[in-house]
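Report on the following structure.
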Amino acid sequence: IYAADVRTTYFAETLSILLVAACVPVSLKLFAWVLTRKIDKVSLPEALRLYSFWSKVRVAMLSLPVWVGLAVYYLTLSNKGLLCAFIALTASLFCLPGEGRLRKELHINKEEEA
């Protein structure tokens, strides 16, 4: 739709790049800050609830540049939008915790459960 409009393409590409440049570091650093300031100071059931909530916030924060990047790619036929979407998707892989990472970050030992 906007592939021939140079100004709109430039604005959309810049928006997509700035959104990725802001959301990726903030989402990765935000969780470390929340983990030390809030999650580590509460009981285990509350910590699990907060951990789940903030993991969802991180993924939602990263989904915004993915959708904007795909929209920029579709509307302007610019590969920069697609690249930004892939960068945000790659960063979202760091937001999906496994069991080992969850146990390590919440300080849960297997011996405590038994």
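Inclusion of V72 among residues that are part of a helix (DSSP H, G or I), more than 10 Å from the chain's Cα centre (by Cα) and among the β-branched types (V, I, T) is warranted.
What is the residue count in the stretch 23-43 for residues that are closer than 22 Å to A88 by Cα and either touching a strand residue (DSSP E or B) at 6+ places or on another chain (Cβ under 9 Å) or polar (S, T, N, Q) (or both)?
1
Considering the conditions (1) of a type in the set (S, T, Y); (2) over 30 Å from Y2 (Cα atoms); (3) surrounded by 14 or more Cβ atoms within 10 Å (Cβ to Cβ), S43 is excluded by exactly one of them, (3). Of all residues in the stretch 1-45, which are under 20 Å from M61 (Cα atoms) and not in a helix (DSSP H, G or I)? Answer for the stretch 1-45, where residues must be under 20 Å from M61 (Cα atoms) and not in a helix (DSSP H, G or I): just K38. The residues of the stretch 57-69 that are loosely packed, with under 15 Cβ neighbours inside 10 Å and more than 9 Å from the chain's Cα centre (by Cα) amount to a single one, W67.
Hey, among the residues in the stretch 77-92 that are among the small types (G, A, S) and over 11 Å from the mean Cα position of the chain (by Cα), which one's nearest to R7 (Cα to Cα)? That would be S78. Scanning the stretch 76-106 for residues that are free of Cβ contacts under 8 Å to residues at least 12 places away in the same chain, farther than 17 Å from L18 by Cα and part of a helix (DSSP H, G or I) turns up L93, E99, G100, R101, R103, K104. When residues in the stretch 7-34 are screened for being in contact with a helix residue (DSSP H, G or I) (Cβ under 6 Å, 6 or more places away or on another chain) and either farther than 29 Å from A71 by Cα or not hydrophobic (A, V, I, L, M, F, W, C) (or both), 5 of them pass. Within the stretch 14-40, being of a type in the set (V, I, T) and either in contact (Cβ under 8 Å) with a residue 12 or more places away in the chain or surrounded by 18 or more Cβ atoms within 10 Å (Cβ to Cβ) (or both) holds for I17, V20, V24, V26, V34, I39.
None of the figures in this text is laboratory data; all of them are computed from the coordinates on show. Only a predicted model underlies this, so the values are computations on that prediction, with no experimental measurement involved. For neighbour counting, all protein chains shown are included, and Cβ atoms are generated from backbone atoms with ideal geometry for every residue, glycine included.
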